[in-house]
Amino acid sequence: MSSSSSSTSAPTVSSPSPVQLHTFPTALSLKLTDDNFLVWSQQVLAQVEGLNLLSFLESPLTPSRFLFGTTVNPAFLLHKQQDNLLVAWLLASMSPSMLTQMVGLRFAYLTWDKLNVYYASHTRAKIRKLKLLLKTPKRDRSISTYLLDIKKVVDSLAATGSAITAEDHIDAVLDGLPEEYDAFITSITSQLDPYTIEDIESLPFAQE
């Protein structure tokens, strides 16, 4: 879906709107912030798909406004009302800081499109920052603190949807160890049987 201006009118289509108007009595308890879009959007989609309203998020098409001459199409009015209710529910499920990003967006599909574009960019920047943190050497940290710091970064990357494998985790641990761990690294990398991340995390304590 391409991003559209908030002032653009939604294109029309002759297909009918939903025959039933769905209301959203309460907003989601989890408010959208800069860091929880994946979890928040999963809840949104479950609710929207459950009400058979996914087309409002995915498509700008609306029923024709008029049937004959100046006779207003009831399906258009129902579609417009349903879209407004969905937009209001989405906005009510966002934190105040996110609401400023949504100013001027009139339709649900524009709101959803803006969120996906915003978070795609935000997530890419966050992933770059986290991957740089994975390359931070141990230095003066204890081995337990070093391993915990790496695990936190790996968990944060996983939360963004980035594919982090056990091998990536192990490589991050080994790459940051100082020279006095060279013998340990050699013993690990020369083994035929693969080590788990639990094995890797337990062995450096003996050397420290």
The number of residues in the range 152-173 that are closer than 18 Å to TYR195 by Cβ and surrounded by 15 or more Cβ atoms within 10 Å (Cβ to Cβ) is 7
Only one of VAL117, VAL154 is among the β-branched types (Val, Ile, Thr) and in contact (Cβ under 8 Å) with a residue 40 or more places away in the chain, namely VAL117
Residue in the range 102-144 that is farthest from LEU61 (Cα to Cα), counting only those that are of a type in the set (Ser, Thr, Tyr) and loosely packed, with under 15 Cβ neighbours inside 10 Å:
SER142
For the structure I just gave you, tell me whether SER162 is assigned to a helix (DSSP H, G or I) and of a type outside the set (Asp, Glu).
no
Might you let me know whether the range 132-144 holds any residue that is among the acidic types (Asp, Glu), over 17 Å from the mean Cα position of the chain (by Cα), assigned to a helix (DSSP H, G or I) and outside the structural domain of ASN52 (by TED's automatic domain parsing)?
no
Which one is nearest to LEU105 (Cα to Cα), of the residues in the range 56-94 that are among the small types (Gly, Ala, Ser) and at pLDDT below 95?
SER59
Only residues in the range 48-59 that are in the same structural domain as LEU86 (by TED's automatic domain parsing) count as the first member; pair them with residues that are part of a loop (DSSP other than H, G, I, E, B), Cβ under 6 angstrom, at least 6 apart or cross-chain, and list the lot.
LEU51/HIS22
Cβ-Cβ below 6 Å, separation at least six or inter-chain, first residue in the range 120-148 and under 18 Å from ASP171 (Cβ atoms), second at pLDDT below 90 and in a loop (DSSP other than H, G, I, E, B): which pairs?
ILE127/THR160; ILE127/SER162; PRO137/GLY176; LYS138/GLY176; LYS138/LEU177; LYS138/PRO178; ILE143/GLU208; TYR146/LYS138
Answer yes if at least one residue in the range 77-98 is without any contact (Cβ under 8 Å) to a residue 12 or more places away in the chain, surrounded by fewer than 17 Cβ atoms within 10 Å (Cβ to Cβ) and over 21 Å from the mean Cα position of the chain (by Cα), and no otherwise.
yes
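The values are calculated or read from the model by the stated rules, or taken from the named source; none is laboratory data. For clarity, every value in this text was computed on a predicted model and none was experimentally measured. For neighbour counting, all protein chains shown are included, and Cβ atoms are generated from backbone atoms with ideal geometry for every residue, glycine included.
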